[in-house]
Amino acid sequence: MPHAKTIAIIGAGFAGATLAQRMLKAGYAVTVFDKSRGTGGRMASARLGQSSADLGAPFIETNNETFSAWLTQQPDVEAWQPLTTELSDAASVYVAKPRQSALTRRMLTGATLITSTPVKEIWPEKNCVLLRDALGHSLGCFDTVIVTAPAQQAATLLDAVPRFAKHAARIKPTPAWVCLMALEQPSGLDADMWIGNDGVLFRAIRDSAKPGRDKGEWAEIWSLEATPEWSQVHLETDKETIANQLLESFKQLSNGSFVPKEKRVHRWLYSRHNKQDRQQNSTDKNRVDNNSIDKNELFLWSEANAIGACGDWFSHTGVEGAWFSANALADVLLKAPR
């Protein structure tokens, strides 16, 4: 019997997990690398005492019937309608249980997952594509290598295909500061989600109100996310100051007076990607027709080098965009000769 074709995927976020799942089902030997300790990427979770909360994307939004149908078929995904007047007309919202990162962890079942391992170089050799770490040590040679990291990180990995590297480098990410806070006493607030109005707080979400959540020893767990503009201005501000300013903004918005018992602050440098830049720079020729997306650029793929990229930094945004991008690239890869 011939050996399974090998593919290395850089990034264990949602795009990487989606692509890995498709390739595993087709019989590929899949290896996934990630610089973090776990899966999820920007859907990562973090510990708060004996419990955990979503540190990245707090939920999954979709206006697309195809993606919505896929979500409803996932055993660890459930629809959620947070109590809030601001989102009364919002699109469908879904969350993974017991945390967002559980979805990517399950999707990667069957793949070889190598965490805490940054990939620093991708280089096509005669019969394979070589990966190296920061010390120049080989991480393996694969038939195909796909980058699913955020655009700015992908740009440094795509040097072997200069036009891909230039394309990724043009995409402008936006940052976001996020603060998780655990309360020993109930906040007394009725709504599960609040939308900021002072230019500091983008939104506050009661993470412990999501379906399937175990809040452990805490009465409530909240996630406070800063606006991209404020996050950019305060990119180098210390975490304690960030937490205090976000909490003060939330107190003024909600008229609350609670004090968090435990906090966790994280700076997402590549929280989102600028949609305008994606549209202006859609000059590469890899375009795919989809029932719900009109000939948008969804991925990068060089058959000659066996190197590609996919993710939410192409023509469609968010978790939904990552899903469409990964599936579009998988369709092309699976049509290639085995």
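Using the Cβ-Cβ distance between S187 and D76 with R0 set to 25 Å, the FRET efficiency works out to roughly 0.35. Between the Cα long axis of helix 318-335 and the first principal axis of the chain there is an angle of about 20°, rounded to the nearest 10. Placing +1 on the Cβ of every Lys and Arg and -1 on the Cβ of every Asp and Glu, with nothing else charged, gives the chain a dipole about its Cα centre of roughly 1020 debye. Once the 1.4 Å probe is applied to the protein heavy atoms, the chain comes out at 46 Å² accessible per residue. For a paramagnetic label modelled on D214 (point 7 Å from Cα along Cα→Cβ), amide N atoms under 17 Å away belong, within the range 40-75, to 45-54. Highest GNM mean-square fluctuation among A191, A69, A57, for the chain modelled with Cα contacts below 10 Å: A69. Straight-line reach from K172: taking Cα to Cα under 26 Å and skipping same-chain neighbours fewer than 8 places apart, the lysines in range are K35, K120, K239, K275, K285, K295. If you average the alpha carbon positions of the range 170-197 and of the range 226-252, how far apart do those two centres end up, in angstrom? Between the Cα centre of the range 170-197 and that of the range 226-252, the gap is 11 Å.
Of the peptides 200-212, 113-125, 310-322, the order by per-residue mean of other Cβ atoms within 10 Å, starting with the highest, comes out as 310-322, 200-212, 113-125. Compared with the dominant principal axis of the Cα atoms in the chain, helix 14-25 is inclined by about 50°.
May I ask for the angle, rounded to the nearest 10°, between helix 239-254 and the longest principal axis of the chain, with both axes built from Cα atoms and the value confined to 0 to 90°? With both axes taken from Cα atoms, the answer is about 60 degrees. The apolar share of the surface of the range 68-148, taken as the fraction of accessible area on carbon and sulfur atoms (1.4 Å probe, ligands and nucleic acids excluded), comes to 49 percent.
Cysteine residues of the chain whose Cβ has no partner cysteine Cβ closer than 4.7 Å: C179, C310. Each label point was placed 7 Å from the Cα along the Cα-to-Cβ direction; for R37 and T66 their separation is 3.8 nm. Per DSSP H run of n ≥ 4, the term is -39500 (n - 2.57); total these for the chain, divide by its residue number, and report the mean residue ellipticity at 222 nm rounded to 500 deg cm²/dmol. Counting only the DSSP helices, I get -7500 deg cm²/dmol.
Please say if the range 1-78 is rounded, prolate or oblate, where rounded means a/c under 1.5 for a ≥ b ≥ c the square roots of the C-alpha gyration tensor eigenvalues, and otherwise the choice is prolate for a/b larger than b/c and oblate otherwise? Oblate is the answer for the range 1-78, as a/c is 1.5 or above yet b/c matches or exceeds a/b.
Comparing W323, W80, W222, which has the greatest mean-square fluctuation in the GNM of the chain with Cα pairs linked when under 10 Å apart? Per the Cα network of the chain with a 10 Å cutoff, W80 tops the list.
Would the range 86-176 count as rounded, prolate or oblate if I go by the C-alpha gyration tensor, calling it rounded below 1.5 in a/c and otherwise prolate when a/b exceeds b/c, oblate otherwise? Display every interim value, and only then the final one.
On the way: a/c = 2.67, a/b = 1.55, b/c = 1.72.
Judged from the Cα gyration tensor, the range 86-176 comes out oblate (a/c at least 1.5, b/c at or above a/b).
The values are calculated or read from the model by the stated rules, or taken from the named source; none is laboratory data. Since this is a predicted model, take the numbers as computed values, not measurements. Here Cβ is always computed from backbone atoms with ideal geometry, including for glycine, and neighbour counts include all displayed protein chains. These area figures cover heavy atoms from the full protein model, side chains too; ligands, DNA and RNA do not enter into them. Shrake-Rupley method; radii C 1.70, N 1.55, O 1.52, S 1.80 Å.
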